[in-house]
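**Q** Following this message is one structure expressed as structure tokens.
The values are calculated or read from the model by the stated rules, or taken from the named source; none is laboratory data. All of these numbers come straight from a predicted model, not from anything done at the bench. When we count neighbours, we look across all protein chains shown, and the Cβ atoms used for this are built from the backbone with ideal geometry, even at glycine. Keep in mind that these areas ignore ligands, DNA and RNA; they rest on the heavy atoms of the full protein, side chains included. Shrake-Rupley method; radii C 1.70, N 1.55, O 1.52, S 1.80 Å.
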Amino acid sequence: MLLLRRDRLLLLLAFSAILAADFYFHLWPEIQSRLIRNCDCRTQNSTLPGPGTAVLKPTGTAARPTVLSTTEPTLATTGSKLQHLFSHPLYQIPEPGPPTRDLLLDSHEAVHTYRKRAANLNRRRRTQLADKNLPAPQLEAKFHENTSWLQFHLGISKEALYPRHSPVVEQLLRDLNNVTIIGADYSPDEKTLNGECDCSQVVKPSGTHLKLVLRFQDFGKAMFKPMRQRRDDQTPDDFFYFVDFQRHNAEIAAFHLDRILDFRRVPPVSGRLINVTRDILEATSNADLESVFFVSPANNVCFFAKCLYMCKTEYAVCGNPDTLEGSLSTFLPSLSFVPRLSVPSPWIRSYTFTGKEEWEVNAAYCNSIKELPPYSNPQRLLNIIDMAVFDFLIGNMDRHHYEIFTQFGDEGFLLHLDNARGFGQHSRDETTILAPLYQCCRVKEDTWRRLNLLARPEYRLSDVMRESLSRDSLSPILSEPHLRALDRRLQTVLRAVRRCINVHGEEAVLQKKSPPIRHTPSLP
């Protein structure tokens, strides 16, 4: 018995020695390293780098390594690139509330006007149904002061359509995708045509880009553009820009790009699946619109444009059998309430098969433009160049006009409306879209810095666009070749600016933002 107990004791001592050695040589060093480690929670789940982190910081001429302070964000090993982009100091410039004079609308007047118009709409709808001996509408417009589209309208200022990181925009995008549709009608330009087309014109005012105005139960409204092409379709090489189809996904992608560039000049756009029977045919009170609906041989519900040269079923858009995807672009305040001016672009293209505009044949064209009002105002010309950069990135050659709010005059921004002819080709870049940039050799310094930022791997433009577009209900919005084309075109823009800097110098090319000039608005 004594021998047995001694054996057990020796075995126990041996095991204890092994455990002690394992603890001393393996576990204890690890514990010590954890105790003395300089743990910095900012390296995880945060946008802030540790002190002394070297990243590429854009400067006036080229990006070079710079040691950032702990207040400048950079991309962590994991996380949202879009979130990190919007956390960068270039997107965190303080935005104090604009003075009342710099807001587009007076809130009290706007609420009173919209409430009155909502009541008038409900009264008209009841009268129209009564004239047809039909029951009163089951759904009527219900106007509320806190509705997202109204808050969007009230936030429009001289600087942009909405403030940076506006929660109202996110709510508006959700509402565009969810709020009940109670009305559908032709767009104002379709009504102006009244079914007529001037077939002597090369540029057709409507037809292939069929669009409708949809009214929501909260009294908001949006422009609906239906799907006409698949994501991977490209515009044929033999198509002129003025006969190209309009693409609903291009409208959606243009809004996201505009926000990523921090222009904020495109009204919010969301994709949505529409039931064409319930949301259009049964919701409209326009007999002309009702008359263009039919059921295809495949039992799909279809409709087409009213304009005479397109009144053919082969140009129709069809549901599956009723469901149709499209883009919904938020309406701006009506022209009768807030006037806007449509201005021909000084770099307008020739809308004939053989003609050329002066800027296409005269490399010094910008010298004369800079002397003419309103482009003698540097801000207006710089806004034109911003728009050219935007159009080049999306591949839009059809910017024949731009619009401004007359209330803001020359100091106001340009509206980037009607972008559905963008993203037509990913394999070809039309560099002539950049003519305002390389002919004038000017660009806003903050635009230049953001473009450089989006060229960096940690904020790559295609990556943040992909992430931003993934939030839309119709995702994917752009095919991968179109996303890669954005990176390629961005490099083209940067090279064009660098060439200008090499010739004219950084100070002449990069224009700092000047303080706003207070004066009576002048019109072009």
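**Q** For residue 381, are the conditions met, namely being open to solvent by less than 10 Å² (accessible area, probe 1.4 Å) and more than 21 Å from residue 268 (Cα to Cα)? Give the derivation first.
**A** Details: open to solvent by less than 10 Å² (accessible area, probe 1.4 Å): yes; more than 21 Å from residue 268 (Cα to Cα): yes.
Yes, satisfied.
**Q** What number of residues within region 395-417 are touching a Gly at 6+ places or on another chain (Cβ under 9 Å) and among the polar types (S, T, N, Q)?
**A** Filtering region 395-417 for residues touching a Gly at 6+ places or on another chain (Cβ under 9 Å) gives 395-398, 404-406.
Of the ones still in play, those that are also among the polar types (S, T, N, Q) are 396, 406.
Final tally of qualifying residues: 2.
**Q** Continuing with the same structure: When region 123-158 is examined, which residues are found to be open to solvent by less than 40 Å² (accessible area, probe 1.4 Å) and within 28 Å of residue 513 (Cα to Cα)?
**A** As a first pass, look at region 123-158 and keep what is open to solvent by less than 40 Å² (accessible area, probe 1.4 Å): 137, 141, 143, 147-150, 152-158.
Within region 123-158, 152, 153, 154, 155, 156, 157, 158 meet the criteria.
**Q** If I ask for residues that are of a type outside the set (D, E, K, R) and touching a strand residue (DSSP E or B) at 6+ places or on another chain (Cβ under 7 Å), which ones from region 401-431 would you list?
**A** If we filter region 401-431 for residues that are of a type outside the set (D, E, K, R), which is where we start, we get 401-402, 404-409, 412-417, 419-420, 422-427, 431.
Scanning region 401-431 gives 401, 402, 404, 405, 406, 412, 414, 415, 417, 420.
**Q** With the requirement that a residue be among the aromatic types (Phe, Trp, Tyr) and in contact with a helix residue (DSSP H, G or I) (Cβ under 8 Å, 6 or more places away or on another chain), what does region 332-381 give you?
**A** Step one: list which residues in region 332-381 are among the aromatic types (Phe, Trp, Tyr), which gives 337, 347, 351, 353, 359, 365, 375.
Within region 332-381, 337, 347, 351, 359, 365, 375 meet the criteria.
**Q** Can you run down the residue pairs with Cβ atoms below 8 Å, 6 or more apart or on separate chains, where the first is in region 450-471 and within 26 Å of residue 176 (Cα to Cα) and without any contact (Cβ under 8 Å) to a residue 60 or more places away in the chain and the partner is open to solvent by less than 10 Å² (accessible area, probe 1.4 Å) and in a helix (DSSP H, G or I)?
**A** Final answer for the pair search is 462/483; 462/486; 466/483.
**Q** State all residues of region 109-158 that are aliphatic (A, V, I, L, M) and assigned to a loop (DSSP other than H, G, I, E, B); if no residue qualifies, say none.
**A** 134, 136, 139, 141, 156
**Q** Could you list, ordered by first residue, the pairs with Cβ atoms under 8 Å in which the first is in region 398-422 and at positive phi and the second is at pLDDT 95 or above and among the hydrophobic types (A, V, I, L, M, F, W, C), at least 6 apart or interchain?
**A** Close Cβ pairs satisfying both conditions: none exist.
**Q** Applying the selection to region 428-478, what residues are open to solvent by 40 Å² or more (accessible area, probe 1.4 Å), assigned to a helix (DSSP H, G or I) and within 26 Å of residue 365 (Cα to Cα)?
**A** 431, 432, 438, 445, 446 - these are the residues of region 428-478 that are open to solvent by 40 Å² or more (accessible area, probe 1.4 Å), assigned to a helix (DSSP H, G or I) and within 26 Å of residue 365 (Cα to Cα).
**Q** Counting only residues that are open to solvent by 30 Å² or more (accessible area, probe 1.4 Å) and assigned to a loop (DSSP other than H, G, I, E, B), how many does region 159-178 have? So that I can check it myself, show each step before the final result.
**A** Step one: filter region 159-178 for residues open to solvent by 30 Å² or more (accessible area, probe 1.4 Å), giving 159, 163-165, 167-168, 170-171, 174-175, 177-178.
Checking the rest, the ones that are also assigned to a loop (DSSP other than H, G, I, E, B) come to 159, 163-165.
Selection size over region 159-178: 4.
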